[in-house]
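The values are calculated or read from the model by the stated rules, or taken from the named source; none is laboratory data. These figures come from a predicted structure and were not determined experimentally. Cβ coordinates were reconstructed from backbone atoms using ideal geometry, including for glycine residues, and neighbour counts include every protein chain displayed.
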Amino acid sequence: MVSASPEPHLFVVMGATGNLMQLKLLPVLFSLQGKGQLPPGTRVLGVARRALDDVGFRTLAASSLRSAKVASDEQVRAFCDTFLFYHQLGGETEGSFADLRRRIEQVEHDHQLPGNRILYLALPLEAISPTVEGIGAAGLNSGPGWTRVVLEKPFGRDLASARSLNQLLGRYFAEQQIFRIDHYLGKETVQNLLVFRFANMFVESLWNRERVDQVEITVAEQVGVADRAEYYDSAGALRDMIQNHATQLLTLVAMEPPATREADSIRNEKVKVLQSAVRIRPADVVRGQYTSGTVNSQAVPGYRQEPGIPPTSGTETYVALRLKLDNWRWQNVPFFVRTGKRLPAKSTQVIVTFKAPPVSIFQTEEEYEVNPDRVTILVQPQEGFEIAFEVKVPGREPRVQTHRMKFHYADVFGPLPDGYETLLVDVMLGDPTHFVRADEVEESWRLYDPVLQHPPPLVFYPAGSEGPREAEALVEQWGHRWFAD
């Protein structure tokens, strides 16, 4: 049940000495506390195997917060000393989790907490199942108040593992207790998609096969693998970006109007989109890997020369694919989805391109080009949307140019909260709207499983380029082109 306001609770982070906690969750919790959005009395218990006590953990956390330059040393120290506690987990044995339960109950007793708990599993995929088993064996899946468990992506590695993990979670938690987090769903522009589509009648009346020519989703990254070599080489671009972030954008762009704003009403429509997706053929997929090149005027190594990457790795760093939705709204409208590392710029955007006029009186013997109208939803680094349309250039000649009407969130509302801030507050409220439901996870893996089982051959592209030429050919063979800048 969704609370009217966040209630005091114990925020337990499993994997508290890892990068996710130190670089992301700590600054977000610090920010929420500074904004008064952390319920009074709430405390944070970090759990990991490293040999630390409360003082050692607070020192580690303070160092991380100072590195993030979130506030003064005095504010950082006050936050750490007041809110942070630590428990060293001895292992994955039943006794270790029984000790954790006692530590949780001790902190709750000492600070007069009502027994509400958030269990945030900031852990690698292979550690999730034994941790869930330990939580269940110790009875930490329920308590005096409410209990909620948060899981990061990747949720499984394929359809079989996702189903297995869902079944395991279902043994100990009800679905309404489980919050599968995808930080894209916390972004204002992504959440605005429903408002943009369903609160503006002129948009919704055009959002269908009669008016739309193609939909393009691009998630481009400038960076290489950085310090994620071990994880990334075992995952690849399809698991790391397409199956979750890009697919979430797809479902929100393509879904039907929900009956209500209730979480399950919205999530039902997202699942229907995935259920309507036609099996992806190998010919509709391009898998690429970057070679050495130049990014931002700096020479960078190829993927196989990155530290920690095997010299013969066949992992893809780029994927482009064509999707078809076999439903009434989108029949015969192609959805082109791509993601890649070491591209010219970081950018996430959705471009909806409308059909060109059937006859154009402006394309005469002078061949003045008339471009189709487009709506671009900007997700990052800029957030907002732009509408591209044709205008006449002043003068006697009927020259036409494309211009854009722009709305950028930062220009109107100033800096936006981090997506994690929005989502953590939703967890505290018990609102699952912007989280991924079990059947949605499985439908997403169902869509991409054939590609994982029978991956197309790897092609190569220089770092700093737009990606492999084969990705251009993939779109061109259907009479289309990529429009993203």
Sort through ARG446, ARG437 and tell me the only one that's farther than 13 Å from ASP182 by Cβ, within 19 Å of the chain's Cα centre (by Cα) and either crowded, with 22+ Cβ neighbours inside 10 Å or of a type in the set (Lys, Arg) (or both).
ARG446
With the condition being under 23 Å from PHE385 (Cβ atoms) and modelled with pLDDT of 95 or more, I'd like the helices (runs of 4 or more DSSP H) fully within segment 223-282 carrying at least 2 qualifying residues.
247-254, 263-276
Looking at segment 362-377, I want the residues that are assigned by TED's automatic domain parsing to the domain that holds ASN208 and of a type in the set (D, E, K, R) and have a partner that is at pLDDT 65 or above and in a loop (DSSP other than H, G, I, E, B) with Cβ atoms under 8 Å, at least 6 apart or on another chain. Which pairs are those?
GLU366/GLU397; ARG374/PHE483
Applying the selection to segment 80-104, what residues are within 15 Å of VAL13 (Cα to Cα) and either among the hydroxyl-bearing types (Ser, Thr, Tyr) or without any contact (Cβ under 8 Å) to a residue 24 or more places away in the chain (or both)?
CYS80, TYR86
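Does ASP73 satisfy being within 24 Å of GLN22 (Cα to Cα), free of Cβ contacts under 8 Å to residues at least 12 places away in the same chain and in contact with a Lys or Arg (Cβ under 8 Å, 6 or more places away or on another chain)?
Working: within 24 Å of GLN22 (Cα to Cα): yes; free of Cβ contacts under 8 Å to residues at least 12 places away in the same chain: yes; in contact with a Lys or Arg (Cβ under 8 Å, 6 or more places away or on another chain): yes.
Here the answer is yes, as ASP73 does meet what is asked.
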Could you say whether any residue in segment 89-100 is within 25 Å of PRO27 (Cα to Cα) and more than 28 Å from the chain's Cα centre (by Cα)?
yes
Taking segment 432-485 only, how many residues are within 19 Å of GLN275 (Cα to Cα) and not in a loop (DSSP other than H, G, I, E, B)?
16
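Condition check: free of Cβ contacts under 8 Å to residues at least 60 places away in the same chain and not assigned by TED's automatic domain parsing to the domain that holds ARG117. Does ARG469 satisfy that?
So ARG469 passes the test.
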Helices (runs of 4 or more DSSP H) enclosed by segment 1-83 - at least 3 residues per element that are among the polar types (S, T, N, Q)
54-67
Is it true that some residue in segment 193-201 is farther than 30 Å from ALA356 by Cα and not aliphatic (A, V, I, L, M)?
no
Scan segment 240-261 and give yes if some residue there is over 16 Å from TYR448 (Cα atoms), touching a residue at least 12 places away in the same chain (Cβ under 8 Å), small (Gly, Ala, Ser) and buried (at least 19 other Cβ atoms within 10 Å of the Cβ), otherwise no.
yes
What number of residues in segment 456-485 are more than 18 Å from THR218 (Cβ to Cβ) and under 23 Å from the mean Cα position of the chain (by Cα)?
0
Restricting to segment 176-185, what's the tally of residues that are in a helix (DSSP H, G or I), over 14 Å from LEU378 (Cα atoms) and not polar (S, T, N, Q)?
1
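To keep it simple, each residue is scored yes or no on (1) at pLDDT 85 or above; (2) in the same structural domain as ILE351 (by TED's automatic domain parsing); (3) touching a strand residue (DSSP E or B) at 6+ places or on another chain (Cβ under 8 Å); (4) not charged (D, E, K, R).
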{"site": "GLY384", "(1), (2), (3), (4)": "yes, yes, yes, yes"}
{"site": "VAL393", "(1), (2), (3), (4)": "no, yes, yes, yes"}
{"site": "GLU397", "(1), (2), (3), (4)": "no, yes, no, no"}
{"site": "LYS406", "(1), (2), (3), (4)": "yes, yes, yes, no"}
{"site": "TYR409", "(1), (2), (3), (4)": "yes, yes, yes, yes"}
{"site": "VAL412", "(1), (2), (3), (4)": "yes, yes, no, yes"}
{"site": "LEU424", "(1), (2), (3), (4)": "yes, yes, no, yes"}
Exactly one condition in (1) out of contact with any strand residue (DSSP E or B) (no Cβ under 7 Å at 6 or more places or on another chain); (2) surrounded by 19 or more Cβ atoms within 10 Å (Cβ to Cβ) is false for THR131; which is it?
(1)
Could you tell me which of the residues ARG228, ARG239 is among the basic types (Lys, Arg), under 19 Å from the mean Cα position of the chain (by Cα) and farther than 19 Å from LEU458 by Cβ?
ARG228
Do we find a residue being farther than 20 Å from GLU421 by Cβ and outside the structural domain of THR147 (by TED's automatic domain parsing) anywhere in segment 1-24?
yes
Looking only at segment 262-282, and only at residues there that are within 20 Å of the chain's Cα centre (by Cα) and β-branched (Val, Ile, Thr), the one that is surrounded by the most Cβ atoms within 10 Å (Cβ to Cβ)
VAL273
If you check GLY143, GLY115, GLY95, which single one turns out to be in a loop (DSSP other than H, G, I, E, B) and at pLDDT below 95?
GLY143
Could you check, for segment 319-338, whether at least one of its residues is surrounded by fewer than 16 Cβ atoms within 10 Å (Cβ to Cβ), more than 28 Å from HIS408 (Cβ to Cβ) and of a type in the set (D, E, K, R)?
yes
